[in-house]
Amino acid sequence: MTLILSFFLLLPVIAIFAVSFWQSTAYSYSPAFIFENYEFLLSSPVTLSVYIKTLMFTGITWACCLLIGFTVAYFLAFHVRSLPIQIGLFLLCTVPFWTSNIIRMISWIPFLGRNGIANNTLLELGLIDKPLEWLLFSDFAVILAFVHLFTLFMIVPIFNSMMRLDRSLIEAAVDAGASGWQVLCNVIIPLTKPGIMIGSIFVITLVMGDFITVRFMSGGQSASVGRVISNEIALLQYPAASASAVILLLTVLIMIGILLRFVDIRKEL
């Protein structure tokens, strides 16, 4: 395991870190040890705006995935008593994963487009006078696609934590006179924190590193850190892309470190 992780994880990270200090021009790049890539990256106002946009996507997507994921997991764990039905409904949640991410994103275009199903339905119902332009190729479309793609990563760990709860604790709280809301806030949520944190780590890392969803669903009108790195690679600006990747990696690690301070997920693993 050490050899596998060293070869497929540690060595690539070391290589990216080393290339981030290389010298680059408009036509070539060469080994060196300079800080120009980081200086340009950290001093550019574009970098700040892109990170703010990426963090906005991450925060809203995380909140939506947490709300939907917790609700679905709670329903499956506490309201569905039959194991076959539980399995069937859980498999139903995995249906979107039977196709590729590209197909799932493209499927939103005929639904959200100017002449799509959503706009036509709203027009027929008389709820709007003209098609809504912000449904597609906008930040709304990007966040909608993110939630569609990554909600399952929140459902699975939360559902796993809920299924491992000692039901006698809930019964004791009810016998002590606790209301349903008190049981949820004081018993279920605190005991499912490891699952919530694991799901949060999945969603945050996936959204922070994503670039294809932003490109397709925003119609090229929004940017993210992942997309900036993708563009730099396409332009063969490997030192600049490596520096951006290092900063992104450090940012994600800091966010994960903050999450891990709230709960010990080793108990869940």
Exception for residue 209 within (1) free of Cβ contacts under 8 Å to residues at least 24 places away in the same chain; (2) surrounded by 15 or more Cβ atoms within 10 Å (Cβ to Cβ); (3) more than 29 Å from residue 166 (Cα to Cα) falls at (1)
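Pick out the one residue from 35, 75 that is under 30 Å from residue 193 (Cα atoms) and modelled with pLDDT of 85 or more.
Details: 35 fails: under 30 Å from residue 193 (Cα atoms).
Unique residue meeting the criteria: 75.
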Which residue out of 241, 245, 234 is in contact (Cβ under 8 Å) with a residue 60 or more places away in the chain and small (Gly, Ala, Ser)? 245
Inspect region 50-65 for any residue being more than 22 Å from residue 139 (Cβ to Cβ), of a type in the set (Gly, Ala, Ser) and surrounded by 12 or more Cβ atoms within 10 Å (Cβ to Cβ) and give the result as yes or no. no
Please indicate, with yes or no, whether at least one residue in region 27-44 is over 28 Å from residue 213 (Cα atoms) and assigned to a strand (DSSP E or B). yes
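Quick check on residue 250: is it within 30 Å of residue 109 (Cβ to Cβ), in a helix (DSSP H, G or I) and of a type outside the set (Ser, Thr, Tyr)? It would help to see each step written out before you state the result.
Numbers: within 30 Å of residue 109 (Cβ to Cβ): no; in a helix (DSSP H, G or I): yes; of a type outside the set (Ser, Thr, Tyr): yes.
Judged against the criteria, residue 250 is not a match.
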Residue 255 fails exactly one of the following numbered conditions: (1) modelled with pLDDT under 90; (2) assigned to a helix (DSSP H, G or I); (3) surrounded by 14 or more Cβ atoms within 10 Å (Cβ to Cβ). What is the number of that condition? (1)
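Condition first: within 17 Å of residue 80 (Cα to Cα) and either surrounded by fewer than 16 Cβ atoms within 10 Å (Cβ to Cβ) or among the aliphatic types (A, V, I, L, M) (or both). Now tell me which residues in region 154-170 satisfy that.
Keep residues of region 154-170 that are within 17 Å of residue 80 (Cα to Cα), which gives 155-156, 158-167, 170.
Answer for region 154-170, where residues must be within 17 Å of residue 80 (Cα to Cα) and either surrounded by fewer than 16 Cβ atoms within 10 Å (Cβ to Cβ) or among the aliphatic types (A, V, I, L, M) (or both): 155, 156, 158, 162, 163, 164, 165, 166, 167, 170.
Residue under question is residue 50, and the condition is that it be at pLDDT below 90, in a helix (DSSP H, G or I), closer than 30 Å to residue 21 by Cβ and not aromatic (Phe, Trp, Tyr); does it hold?
On the way: at pLDDT below 90: no; in a helix (DSSP H, G or I): yes; closer than 30 Å to residue 21 by Cβ: yes; not aromatic (Phe, Trp, Tyr): yes.
No: the conditions fail for residue 50.
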Taking region 100-116 on its own, how many of its residues are within 16 Å of residue 144 (Cα to Cα), without any contact (Cβ under 8 Å) to a residue 12 or more places away in the chain and either in contact with a helix residue (DSSP H, G or I) (Cβ under 8 Å, 6 or more places away or on another chain) or assigned to a loop (DSSP other than H, G, I, E, B) (or both)? 3
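The values are calculated or read from the model by the stated rules, or taken from the named source; none is laboratory data. Note that the coordinates shown come from a computational prediction; the quantities given were computed from them, not determined experimentally. Here the Cβ is made from the backbone with ideal geometry for all residues, glycine too, and neighbour counts use every protein chain on show.
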